[in-house]
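The structure under discussion appears below in the form of structure tokens.
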Amino acid sequence: PLTILSFPKIRKRMKAKKWKQIQRFAYLFYALLYLHIMLLFIPLAKDGKDGYYFSVIVYTAIFLGYAICRIRKFPKEKAGTPP
């Protein structure tokens, strides 16, 4: 859904406030998705199943990397300066 909403043609048809609400909701969705994956993968990684330990590390690195970048960008957006 976020990919589709990112096209300028689609964005122009939406109200800015509604678009922003959807974008913010997406962050919650992605955090819950990460939590869901971890709840499934961590027990399997602890049991020594092949590949799950590596998957937990990769998913965590990607999620934390994105979260850190997003959190660092937030004060700049709030102040109105370009990122």
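The values are calculated or read from the model by the stated rules, or taken from the named source; none is laboratory data. Note that this is a predicted model, so its numbers are computed, not measured. Cβ atoms come from the backbone with ideal geometry, glycine included; neighbour counts cover every protein chain shown. These area figures cover heavy atoms from the full protein model, side chains too; ligands, DNA and RNA do not enter into them. Shrake-Rupley method; radii C 1.70, N 1.55, O 1.52, S 1.80 Å.
Once you charge only the Cβ atoms, +1 for Lys and Arg and -1 for Asp and Glu, what is the size of the charge dipole of region 11-83 about its Cα centre, to the nearest 20 debye? Walk me through the numbers before you get to the answer.
Values: 15 positive and 3 negative charges, 195 e Å.
That gives region 11-83 a dipole magnitude of about 940 debye.
Put Arg70, Arg11 in order of accessible area, largest first, 1.4 Å probe: what do you get?
Working: Arg70 50, Arg11 100 Å².
Correct descending sequence by accessible area is Arg11, Arg70.
Tell me, what HN-Hα J-couplings in whole Hz come from the Karplus equation 6.51 cos²θ - 1.76 cosθ + 1.60 at θ = phi - 60° for each residue of region 19-35, using x for Gly and Pro?
4, 5, 5, 5, 4, 5, 4, 4, 4, 4, 4, 5, 5, 5, 5, 4, 4
Hey, what's the chain come to in accessible area per residue, 1.4 Å probe, Å²? Don't jump to the answer; show the numbers that get you there.
Values: 7250 Å² over 83 residues.
Per-residue value: 87 Å².
Using alpha carbon coordinates only, what is the Rg to Rh ratio of the chain, with Rh defined as the Kirkwood radius? Could the numbers behind the result be given before it?
Numbers: Rg = 16.9 Å, Rh = 15.2 Å.
We get a ratio of 1.11 for the chain.
Just to be sure I follow the rule: in the chain, considering lysines 8 or more places apart or on different chains, how many pairs have Cα atoms under 26 Å apart?
Lysine pairs, 8 or more places apart or on different chains, close enough: 21.
What's the local net charge at Gly65, with K and R +1, D and E -1, over the other residues with C-beta under 14 Å away? Intermediate results must be reported in sequence, preceding the final value.
Details: positive: Arg70, Arg72, Lys73; negative: none.
Its environment carries a net charge of +3.
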